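Below is one structure; the comments refer to it alone.
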Amino acid sequence: MIANIVQMTHLLLKNHLSPGSNVLDGTVGMGNDTEFLAQLVGKSGTIWGFDIQEEAIISTKHKLANFQGTLHLNQTSHANIDQFIPNMPCLDAAIFNLGYLPKGDKAIITTAQSTIPALEQTLIRLKVGGILLIAAYIGHEGGYEEYQAIKHFLATCPQKEYHIAETQHINQKHQPPRLFIIERRA
Ligand SMILES: C[S@@+](CC[C@H](N)C(=O)[O-])C[C@H]1O[C@@H](n2cnc3c(N)ncnc32)[C@H](O)[C@@H]1O
């Protein structure tokens, strides 16, 4: 249930989403999170997905071949969310699983330069009660800097508008990823 960050994010998404929900996957990668979202939102749901790598878009399209809901997959940076998702509180949940594509090119990583604008554009689109989950990996080069920038940014978000928490496994070897959980409250 909480063995790793993926299990934790999926537990939160499962508790939160239902058929017809609207969701965003800010980094689709191999499509594992997107596939999980698809199962939860069903044929009346809508998914927006972003990734800069063609390989990621192809893999995600393949994984969601049988999805009957509405799927908007965009091969572009999540910093361009403004161009693709309506500018209104329309999201029930969003997930950003940061870092690099496992088994892919480890030099292509998310960075604060695009992640922070993407988070800003996501936060204003969360419905009241909507959640944003950010899995930040700190073990690779550049990962800790991105994590710090995200934490700094989130700490400045108004408490009246968002509940924001950070969790981490405290008895795992190496450098376990951190999970930021944001809930829109007003
Ligand atoms: C850890 S992987 C995502 C894993 C994915 N959620 C899954 O379930 O398979 C991180 C992804 O972020 C993507 N990425 C890097 N920079 C990006 C950006 N600016 N906008 C969108 N995606 C980006 C990478 O191409 C990579 O596929």
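The values are calculated or read from the model by the stated rules, or taken from the named source; none is laboratory data. In this text, all values refer to a predicted model and were calculated from it rather than measured experimentally. With ideal geometry, Cβ positions are generated from the backbone for all residues, glycine too; neighbour counts draw on all protein chains shown. With ligands, DNA and RNA removed, areas are computed over all heavy atoms of the protein, side chains included. Shrake-Rupley method; radii C 1.70, N 1.55, O 1.52, S 1.80 Å.
Here are the numbers:
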quantity	calculated
Elements of type strands (runs of 3 or more DSSP E) contained in region 1-76, each with 1 or more residues being within 9 Å of the ligand (Cβ to nearest atom) and either within 30 Å of Q172 (Cα to Cα) or aromatic (F, W, Y) (or both)	22-25, 46-51
Tally, over region 56-95, of residues that are closer than 12 Å to G29 by Cβ, out of contact with any helix residue (DSSP H, G or I) (no Cβ under 7 Å at 6 or more places or on another chain) and of a type outside the set (V, I, T)	2
Residue selected from region 33-65 under the condition closer than 18 Å to N22 by Cα and out of contact with any Leu (no Cβ under 9 Å at 6 or more places or on another chain), by the criterion most open to solvent (accessible area, probe 1.4 Å)	K43
Contacts under 8 angstrom Cβ, first residue in region 39-55 being farther than 9 Å from V28 by Cβ and free of Cβ contacts under 8 Å to residues at least 24 places away in the same chain, partner open to solvent by 20 Å² or more (accessible area, probe 1.4 Å) and within 16 Å of the ligand (Cβ to nearest atom), 6 or more apart	E54/Q75
Residue check, I5 within 19 Å of I182 (Cα to Cα) and open to solvent by less than 10 Å² (accessible area, probe 1.4 Å)	no
Test: Q113 is assigned to a loop (DSSP other than H, G, I, E, B), open to solvent by 10 Å² or more (accessible area, probe 1.4 Å) and not hydrophobic (A, V, I, L, M, F, W, C)	no
Every residue from region 14-55 that is closer than 19 Å to F180 by Cβ and either out of contact with any helix residue (DSSP H, G or I) (no Cβ under 6 Å at 6 or more places or on another chain) or of a type in the set (S, T, N, Q) (or both)	K14, N15, H16, L24, T27, D33, L37
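Yes or no, residue by residue, for (1) within 16 Å of the ligand (Cβ to nearest atom); (2) open to solvent by less than 30 Å² (accessible area, probe 1.4 Å); (3) without any contact (Cβ under 8 Å) to a residue 12 or more places away in the chain:
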{"site": "A93", "(1), (2), (3)": "yes, yes, no"}
{"site": "L119", "(1), (2), (3)": "yes, yes, no"}
{"site": "G130", "(1), (2), (3)": "no, yes, no"}
{"site": "A135", "(1), (2), (3)": "yes, yes, no"}
{"site": "E146", "(1), (2), (3)": "yes, yes, no"}
{"site": "C157", "(1), (2), (3)": "no, yes, no"}
{"site": "I164", "(1), (2), (3)": "no, no, no"}
{"site": "N171", "(1), (2), (3)": "no, no, yes"}
